[in-house]
Every structure is written in structure tokens, then in C-alpha cells.
1. Under the condition of being surrounded by fewer than 23 Cβ atoms within 10 Å (Cβ to Cβ) and free of Cβ contacts under 8 Å to residues at least 60 places away in the same chain, which residue from the range 36-50 is farthest from the ligand (Cβ to nearest atom)?
2. Considering only the range 102-143, how many residues are touching a Ser or Thr at 6+ places or on another chain (Cβ under 6 Å), assigned to a loop (DSSP other than H, G, I, E, B) and open to solvent by 30 Å² or more (accessible area, probe 1.4 Å)?
3. Scan the range 1-19 residue by residue and report those that are closer than 16 Å to VAL91 by Cα, crowded, with 19+ Cβ neighbours inside 10 Å and touching a residue at least 60 places away in the same chain (Cβ under 8 Å).
4. Out of LYS254, LYS209, LYS188, which single residue is away from the ligand (no atom under 14 Å from the Cβ), at pLDDT 95 or above and not assigned by TED's automatic domain parsing to the domain that holds LEU74?
5. Would you please name the residue that is nearest to the ligand (Cβ to nearest atom), looking only at residues in the range 82-101 that are outside any loop (DSSP other than H, G, I, E, B) and in contact (Cβ under 8 Å) with a residue 60 or more places away in the chain?
6. So which residues in the range 168-196 are over 11 Å from the mean Cα position of the chain (by Cα) and farther than 22 Å from THR6 by Cβ?
7. In the list ALA120, ALA125, ALA33, ALA116, which residue meets the criterion of being away from the ligand (no atom under 16 Å from the Cβ) and in contact (Cβ under 8 Å) with a residue 24 or more places away in the chain?
8. Are there any pairs, at least 6 apart or on different chains, whose C-beta atoms fall under 7 Å, with the first in the range 256-279 and in contact (Cβ under 8 Å) with a residue 40 or more places away in the chain and the second aromatic (Phe, Trp, Tyr) and outside any helix (DSSP H, G or I), and if so, which?
Amino acid sequence: MKYGGTICALTKTEYPLIQGGMAWVSDASLAAAVSMAGGLGVIAAGNAPPDWVETQVRMLREKTDKPFGLNIMLLSPYAEQVARLAAELKVPVVISGAGNPDSYIKMWKEAGCIVAPVVASRALAVLMERMGADFVIAEGCEAGGHIGELTSLVLWPEIVRSVSIPVVAAGGIFDANTVAAAFCLGAKGVQVGTRFILAEECNAHAAYKERIIKARDIDTKVTGRITGHPVRLLKSPLVREMQRVEFEEGGAEKIEKLGEGSLMRAVVYGDRETGSFMAGQCACMLDKVQPAADIVRELFDVDRIRSVLAAAAGLLEAGI
Ligand code: TUI
């Protein structure tokens with residue numbers, strides 16, 4: 001354990017780094033690579049049935065005996081079955097997203113799992129602490145996929161001051177500078193999603209990776225606010241149609257219909273017309289595909305972090 005801090009102790013990893021649980025993207029291949037590089041690799045259940053999840057957990061355990069996480073997307077029709085499976089398989093770390101997991105926490109804790117809900121508000125963070133979560137992941141709306149309302153700059157310190165359990169920062173983190181920023185705001189660890197889509201070991205279609213590499217700062221959009229499930233993704237003909245429906249027709253059901261199967265079409269087939277290329281705002285800063293281990297190393301480049309912090313301190317000393 002290189003850092004030995006609280007998140008490393010809870011997750012039994014070398015770095016306080018969690019790979020984002022991205023539906024269709026975060027499979028055993030990516031998760032094993034991140035875990036073997038010293039972070040916490042995560043398999044995302046997304047909308048997948050329990051047998052797919054079980055297969056991925058088995059495949060990961062065949063590749064490595066390092067710890068890993070399972071991300072359970074609570075809007076999934078299989079959420080309850082996958083929640084039970086997580087306890088049965090005794091997955092080391094259970095991460096929940098897109099909802100309130102309080103009815104499952106006792107079961108996960110009794111199975112010996114570390115429990116880490118993703119939260120996007122103070123109220124849910126406080127509830128999660130009371131229900132026995134080990135730490136929370138505070139995800140700002142710079143993140144890709146399903147998002148809340150608050151930006152990272154406001155959400156992270158708001159959650160940090162509201163709970164006593166450790167806070168892992170997510171949303172907008174992609175390099176050593178942004179890792180430093182998260183630690184400056186009181187986080188004890190980071191979760192990184194979008195950048196890991198560009199890992200060599202990530203099985204997302206080459207067209208998905210290319211879309212991220214080519215993305216400009218204004219290329220992510222948020223659709224589906226009208227459905228109550230806003231999603232950040234890259235601009236495309238699908239997004240234009242969703243926005244037209246949202247603003248001109250106001251049809252939540254039609255948006256849900258347009259969205260069905262669209263993430264799979266992006267990740268598996270690279271379908272530029274009707275795929276959902278979910279990505280965080282930091283996509284504009286990413287420019288290459290590289291091994292997961294290099295990404296982990298660059299994120300925790302301590303010399304880089306030290307020089308960023310020293311430069312900031314120097315500016316303050318100089319009264320600038
Ligand atoms: O879950 C995510 N990101 C996701 S899930 C996903 S799959 C999907 N596909 C189509 C539509 C919707 C989802 C793609 N990306 N991130 C974690 C996250 N959780 N972000 C925000 C939240 C969140 C929001 C509200 C968690 C809890 C919450 O509270 C609701 C409540 O009931 O209190």
C-alpha cells in the first residue's frame with residue numbers, strides 16, 4: 001500500500017483511485033487492467049442481467065486476485081437481482097449509482113462488502129453515512145452519463161463538510177492537476193471515468209474513442225432533463241433529435257424511446273448516428289489511447305502534483 005490512506009485501506013489498493021463504472025464500457029478487461037495497475041477496477045452492471053454480471057466477475061477473478069468493485073445502476077430493471085448477486089459473490093466493493101441504495105446497504109455490509117454510494121447531493125450523502133456506507137463518491141455534473149445538478153467545485157466541499165466518512169471526488173478529474181484540486185477541496189480519493197475509455201484494455205468501439213479524442217470543450221450536451229434522468233453525452237444526430245423533442249414537443253416518453261439501446265449502439269457498434277456517446281466535459285482535454293497502467297501512473301504523478309501546489313503557494317506568497 002503506497003499511500004496507506006483511508007481509501008486505500010478500505011479498498012485495499014495502492015492508489016486512492018476508483019475507475020468509473022460505465023455501463024457497457026466497464027467490463028472485466030478494463031477493470032482487471034486498472035486493478036492490476038494499483039487502482040480499483042470496477043465492473044459496471046448497467047442494465048445487464050445478473051448472469052452477464054456473474055460472468056464478468058468470474059472473468060476478472062481469473063485474471064487477477066486484486067480487489068475490484070461492482071457498480072450497480074439502480075435504474076436498471078435488474079437492480080435488485082444484481083444487488084443480491086453482489087452479496088452472494090462477496091464483491092469487495094459495491095458502488096451504487098443513479099438512485100438511493102438504502103434498502104440494500106445492510107445486506108451488503110452483512111456479506112462483508114465495502115459500500116460506496118455515488119451521491120450528487122448533501123441529503124443523500126448524509127443519509128448514506130447514517131445507513132452505514134463506508135465512504136461516498138461525490139460526482140459533480142461535469143461527469144458523463146447520468147448526472148445531478150451541482151458542479152464538482154461546489155459539491156465536493158459541500159459533501160466533505162456534511163459527513164464524517166471519507167469522500168471520493170468524481171466529475172471532471174482526468175490528470176494529476178485535477179487530482180490535486182480534488183485533494184485541495186477535502187477529497188480522500190478520486191473516481192475517473194471518461195479517461196479510462198481511452199485505455200488500450202477498454203473494449204469500447206474505436207469510433208467511441210475517436211469521438212472522445214476529437215471532442216471540443218462545447219461538444220458535450222445534457223439531454224433528458226424533462227425525463228428526470230439528465231444524461232451528459234457527446235453531440236450527435238441522436239442528441240439533436242432528443243433536444244428537438246425535448247424543447248419543441250416536450251415528450252419525455254419519446255426521449256426515453258430514442259435513448260433505448262443507444263449506449264450499446266455507441267459502445268459496441270460505434271454507431272455515430274443513433275449511438276449515445278456518454279462522456280464527461282473533460283473529453284476535450286484527452287488526446288490519446290494508452291495502457292491503463294500509464295493512465296494510473298500519470299494521474300498519481302506526485303512530482304507533478306507537488307509542483308502544481310508549490311506554484312499556487314508561490315503565487316499567494318508573491319501576493320498575486
Ligand atoms: O449513475 C451514474 N452515471 C450513469 S448511469 C448510466 S446508465 C443510464 N442510461 C440511461 C439513463 C440513465 C442512466 C449512465 N451514467 N453516475 C452516478 C450518479 N448517481 N450520478 C448522479 C447520481 C445520483 C443522482 C440522484 C445518485 C442518487 C440520486 O438520488 C436520487 C434519490 O433517490 O435520492
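The values are calculated or read from the model by the stated rules, or taken from the named source; none is laboratory data. Bear in mind that the values here come from a model prediction, so they are computed numbers and not experimental data. Note that each Cβ is placed from the backbone with ideal geometry, even for glycine, and that neighbours are counted across all protein chains shown. Only protein heavy atoms, including side chains, enter the accessible area calculation; ligands, DNA and RNA are left aside. Shrake-Rupley method; radii C 1.70, N 1.55, O 1.52, S 1.80 Å.
1. Looking only at the range 36-50, we keep the residues that are surrounded by fewer than 23 Cβ atoms within 10 Å (Cβ to Cβ), and these are 36, 38, 47-50.
Next cut, free of Cβ contacts under 8 Å to residues at least 60 places away in the same chain only: 47-50.
Values: ASN47: 7, ALA48: 11, PRO49: 15, PRO50: 17 Å.
By that ranking, first place goes to PRO50.
2. Here the count works out to 1.
3. LEU10, THR11, ILE18, GLN19
4. Being away from the ligand (no atom under 14 Å from the Cβ), at pLDDT 95 or above and not assigned by TED's automatic domain parsing to the domain that holds LEU74 holds for just one of LYS254, LYS209, LYS188, which is LYS209.
5. Of all residues in the range 82-101, those outside any loop (DSSP other than H, G, I, E, B) come to 82-88, 93-97.
If we keep only those that are in contact (Cβ under 8 Å) with a residue 60 or more places away in the chain too, we end up with 93, 95, 97.
Details: VAL93: 15, ILE95: 9, GLY97: 3 Å.
Filtering the range 82-101 for residues that are outside any loop (DSSP other than H, G, I, E, B) and in contact (Cβ under 8 Å) with a residue 60 or more places away in the chain, the one nearest to the ligand (Cβ to nearest atom) comes out as GLY97.
6. Hits for the range 168-196 are PHE174, ASP175, ASN177.
7. The unique qualifying residue is ALA33.
8. LEU263/TRP24; MET264/TRP24; ALA266/PHE277; VAL267/TRP24; VAL268/TRP24
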